[in-house]
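**Q** Below is the structure I would like to discuss, written out as structure tokens.
The values are calculated or read from the model by the stated rules, or taken from the named source; none is laboratory data. From a predicted model like this one, the values you see are computed outputs, not experimental measurements. Cβ atoms come from the backbone with ideal geometry, glycine included; neighbour counts cover every protein chain shown. In case anyone asks, the SASA skips ligands and DNA or RNA and just uses the protein heavy atoms, side chains included. Shrake-Rupley method; radii C 1.70, N 1.55, O 1.52, S 1.80 Å.
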Amino acid sequence: MIDTLRTILAIALAVSVPPAVCLWFAIHPFARFWRRLGASWTYGILALPFGLFAYGLYRIRGLLLGPDLGLHLTAVAGGVFLLAVSAGISRLRRKHLTFRILAGVPELSRAASGSRLLSEGIYARIRHPRYVEFTVGLLGWILIAGYAHLYLLWLATVAAIYLVVLIEERELRERFGKAYDDYARRVPRFVPRFGSPSGPAGSTKTGSASM
């Protein structure tokens, strides 16, 4: 029973993660075009190709999963710990960035207005908490699933997300200019800064484009 659940978890990861990451590259760089259609049409149009992408991955699930490494309590314990860390980051992140914003609904709305640069709360300590939350949580699930090739999936996901971050930061610099440069100098990308936030990052009320 446990092995069956691990296999189901592993397949779910292999089938869902690549389309989720690729969807960002299909939407965000072309946001101006998609905005003309609106969020509903955008996701409606992309649902079929990305659904077929996920189905194609399911058909080669054996290759994607690789050898079963078995159930190891140390790996499971490490996975549970990483999931707890991811959940903690998520709790702090949700105070400033809701699922609706993560899904890009406001950005794709025809009535979209100017966004703000998040620099308070957890964003005063780390610039991209949602990506840290995602990659840490993904590794946690992979440790629990225990299939060899999923670790390659994790490495590929980390590389793709790093590229996403570079693209996002370029857009943020174009949008906010010196304000983002100052923010980037104060706050690390991925490793949280503990202690009291320094400078205006802890008190600025502008915020909403840094992910």
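**Q** Somewhere in segment 150-164, is a residue at pLDDT below 90 and surrounded by 13 or more Cβ atoms within 10 Å (Cβ to Cβ)?
**A** If we filter segment 150-164 for residues that are at pLDDT below 90, which is where we start, we get 164.
When the remaining residues are screened for being surrounded by 13 or more Cβ atoms within 10 Å (Cβ to Cβ), the result is 164.
Scanning segment 150-164, I find at least one residue that is at pLDDT below 90 and surrounded by 13 or more Cβ atoms within 10 Å (Cβ to Cβ), so the answer is yes.
**Q** Still on this structure, please answer the following. Test Thr42 against the stated conditions and say whether it is in a helix (DSSP H, G or I) and in contact with a Leu (Cβ under 8 Å, 6 or more places away or on another chain).
**A** When the stated conditions are applied, Thr42 passes them.
**Q** Are any residues in segment 48-75 buried (at least 16 other Cβ atoms within 10 Å of the Cβ) and either free of Cβ contacts under 8 Å to residues at least 12 places away in the same chain or closer than 14 Å to Leu143 by Cβ (or both), and if so, which ones?
**A** Hit for segment 48-75 is Ala75, nothing else.
**Q** For segment 176-193, give me each residue that is of a type in the set (A, V, I, L, M) and surrounded by 15 or more Cβ atoms within 10 Å (Cβ to Cβ). Give the steps one after another, and end with the answer.
**A** So in segment 176-193, the residues of a type in the set (A, V, I, L, M) come out as 179, 184, 187, 191.
Selection gives Ala179, Ala184, Val187.
**Q** Might you let me know whether segment 201-211 holds any residue that is at pLDDT below 85, in contact with a Gly (Cβ under 8 Å, 6 or more places away or on another chain) and either more than 22 Å from Leu82 (Cα to Cα) or open to solvent by 70 Å² or more (accessible area, probe 1.4 Å) (or both)?
**A** Residues of segment 201-211 that are at pLDDT below 85, as a first pass: 201-211.
Filter once more, keeping what is in contact with a Gly (Cβ under 8 Å, 6 or more places away or on another chain): none.
The answer is no, given that none of the residues of segment 201-211 is at pLDDT below 85, in contact with a Gly (Cβ under 8 Å, 6 or more places away or on another chain) and either more than 22 Å from Leu82 (Cα to Cα) or open to solvent by 70 Å² or more (accessible area, probe 1.4 Å) (or both).
**Q** Going by what's in this entry, would Ala54 be described as at pLDDT 80 or above, small (Gly, Ala, Ser) and either under 16 Å from the mean Cα position of the chain (by Cα) or under 26 Å from Ile167 (Cα atoms) (or both)? I'd like the intermediate steps shown before the answer.
**A** Values: at pLDDT 80 or above: yes; small (Gly, Ala, Ser): yes; either under 16 Å from the mean Cα position of the chain (by Cα) or under 26 Å from Ile167 (Cα atoms) (or both): yes.
Yes: the conditions hold for Ala54.
**Q** List the residue pairs whose Cβ atoms are under 7 Å apart, where the first residue sits in segment 180-193 and is part of a helix (DSSP H, G or I), the second is open to solvent by less than 40 Å² (accessible area, probe 1.4 Å) and of a type outside the set (D, E, K, R), and the two are 6 or more positions apart or on different chains.
**A** Tyr180/Leu117; Tyr180/Leu172; Tyr183/Leu117; Tyr183/Ser119; Tyr183/Ala201; Arg186/Ala201
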